[in-house]
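Let me begin by presenting the structure, written as structure tokens, before commenting on it.
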Amino acid sequence: MLAKIHSGAVYGVDAFIVEIEVNTGDGEPDVVTVGLPDAAVKESKDRVWTALINSDYGTPLGRTTINLAPADVKKEGPRFDLPIALGVLVADGPLSADAVKDYVVVGELALSGQVRPVKGVLPLAICARDAGFKGMLVPEANAEEAAVVEGLDVYPIRGLRQAADFLQGMLPIEPCRVNRQKLFEINSVYDEDFRHVKAQEYAKRALEVAVSGGHNILAIGPPGTGKTMLARRVPSILPPMSLEEALETTKIHSIAGILAPHQALIACRPFRAPHHTISDAGLLGGGSYPMPGEVSLAHNGVLFLDELPEFNRNVLEVMRQPLEDAFVTVSRVAASVTFPCRFMLVAAMNPCPCGYFGDTQRPCRCTPQQIQRYRNKISGPLLDRIDIHVEVPTVRYEELSSLQEGESSSIIRQRVIRAREVQQERFRKSAHVHSNAAMTAGDMQKHCRMNDDVHHLLKNAIQELNFSARAYNRILKVSRTIADLDGSELIEAPHISEAIQYRTLDRQLWA
């Protein structure tokens, strides 16, 4: 007998419906799976048959053919175990075809018949709702994640026997419900706060400017000065996530399989800090079946690269295109997959190989040639995409031992939000520019207006400090952000002066 049941597969950050056809008949006992299955899907026959037996069901005696349609797209992972098992029950008699036709089913089976969680449930739920299905059967650990999607009944399943009894009408199961507003309130609390950072007011101000204008930032300083501590607190001053951003971010983390059990929604800005030994595939994404990399996992959040010169040169270079385009395309022979990756880059480095160049407390042991070679590990085109370079000096004991707390993240965030609102209004007619960091040459000419005295100040700085045209553009963009924080329509002298201070590498401190 032929049975049909619906499941789903993920391609990139989106999903598509997979129709599973199960045919049982005469012939030598055998199980054949077709439709471009990977190894995990091929192995599902052993899990399914054992789970059927341990759930007190019989198994087909003859030849069983399982087809996954569309047949020209590769299927991967164990998410098809539960729908295949239910398809066998329909084909072999215990279940009716009408019982399963209105549902999308996903889930991995243990040999005992227990249903285990799978990856990518959120995009699968969105796809099932858009395709007009009545409901979705998912592992219990994935139920809250799928229930975030409105307009779809999500039924949490613990075992194969429970799923079959529910579809037969013998066991009622209440759909899982979640309060999205409450989830936002619960999950949008950050553990890190800027009020715990002692001193480093200059670096904190630079981070506030960077976040306000969407600028990438590089922190330079000796070991132990708090560069990593500062970077970890950057998400706490970013504007709150919208529901659309939260769904986008949760989809990517769901596909990567890194959502915690029963985690429904990511409402905090992600913070990703890959080790400097990461490969280019780990950073951008890849694999035979492409998965999102660190740049995509940082989507709508922060990507922190500590010890920037220690990363392989080719790894840093492949990041240039995602920084510009806010998406990354992973190409394979059969197809290409595109992942979003709109993130703020925060990087940190020592000023020299030993780490103490310019430090007032410990002498530097590096030669000028070693310092220059160390700096040259970071290419000009990559530095071209980092607007702000800020020094993070050693903190004195008196500052460390002070009981006075710094300004809290919530206060800083309010200033950031006001500056971002100004930029949203400024670029409301632009489809691609949403912050000062993304301004084109035409945008800068239109929005970076200043009087003659400020022009003269900027001209003197460019000539005396030997700034490049690249540095000039970055200074204008950062000045515009500082003016927005001050609520000023024109760029004034203090704004230009502060922006110039954020070009440490262009001032050639290593000479």
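The values are calculated or read from the model by the stated rules, or taken from the named source; none is laboratory data. As the structure is a prediction and not an experimental result, all values here were calculated from the model. Using ideal geometry, Cβ is built from the backbone for each residue, glycine included, and neighbour counts are taken over all protein chains shown. Each accessible area value is taken on the protein alone, full model and side chains, heavy atoms only, with ligands, DNA and RNA left out. Shrake-Rupley method; radii C 1.70, N 1.55, O 1.52, S 1.80 Å.
Miscellaneous remarks
- Among (1) more than 27 Å from Val478 (Cβ to Cβ); (2) modelled with pLDDT of 90 or more, the one test that Lys182 misses: (2)
- The criterion of being closer than 28 Å to Ile371 by Cβ and part of a loop (DSSP other than H, G, I, E, B) does not hold for Asn473.
- Within the stretch 411-435, the set of residues being over 15 Å from Leu207 (Cα atoms), of a type outside the set (A, V, I, L, M, F, W, C), open to solvent by less than 60 Å² (accessible area, probe 1.4 Å) and at pLDDT 90 or above comprises Gln423, Arg426, Ser435.
- Test for Val211: is it within 30 Å of Met444 (Cα to Cα) and in contact with a helix residue (DSSP H, G or I) (Cβ under 8 Å, 6 or more places away or on another chain): yes
- Number of residues in the stretch 315-365 that are touching a Ser or Thr at 6+ places or on another chain (Cβ under 7 Å), open to solvent by 30 Å² or more (accessible area, probe 1.4 Å) and farther than 30 Å from Val395 by Cα: the value is 6.
- Residue selected from the stretch 218-259 under the condition in contact with an Asp or Glu (Cβ under 7 Å, 6 or more places away or on another chain) and of a type in the set (A, V, I, L, M, F, W, C), by the criterion nearest to Leu382 (Cα to Cα): Ile220
- Failed criterion for Ala15 (all others in (1) touching a helix residue (DSSP H, G or I) at 6+ places or on another chain (Cβ under 9 Å); (2) farther than 14 Å from Gly120 by Cβ hold): (2)
- Hits in the stretch 217-238 - residues which are assigned to a loop (DSSP other than H, G, I, E, B) and either modelled with pLDDT of 95 or more or charged (D, E, K, R) (or both): Arg233, Leu238
- Considering each residue of the stretch 183-196 in turn, at least one proves to be among the β-branched types (Val, Ile, Thr) and in contact with a Cys (Cβ under 9 Å, 6 or more places away or on another chain).
- Residue tally, condition on the phi > 0 side of the Ramachandran plot and of a type in the set (A, V, I, L, M), over the stretch 448-502: 0
- Of residues in the stretch 128-170 being open to solvent by 60 Å² or more (accessible area, probe 1.4 Å) and in contact with a Leu (Cβ under 8 Å, 6 or more places away or on another chain), the one farthest from Ala91 (Cα to Cα): Arg129
- Helices (runs of 4 or more DSSP H) (entirely within the stretch 366-410) containing at least 3 residues that are of a type outside the set (Lys, Arg) and surrounded by fewer than 13 Cβ atoms within 10 Å (Cβ to Cβ): 368-376, 397-400
- When residues of the stretch 377-397 are limited to those that are modelled with pLDDT of 85 or more and among the basic types (Lys, Arg), the one nearest to His276 (Cα to Cα): Lys377
- Within the stretch 477-496, if we keep just the residues that are among the acidic types (Asp, Glu) and assigned to a helix (DSSP H, G or I), the residue that is nearest to Arg449 (Cα to Cα) turns out to be Asp484.
- Verdict on Thr249 being in a loop (DSSP other than H, G, I, E, B) and either over 17 Å from Ala326 (Cβ atoms) or out of contact with any strand residue (DSSP E or B) (no Cβ under 7 Å at 6 or more places or on another chain) (or both): no
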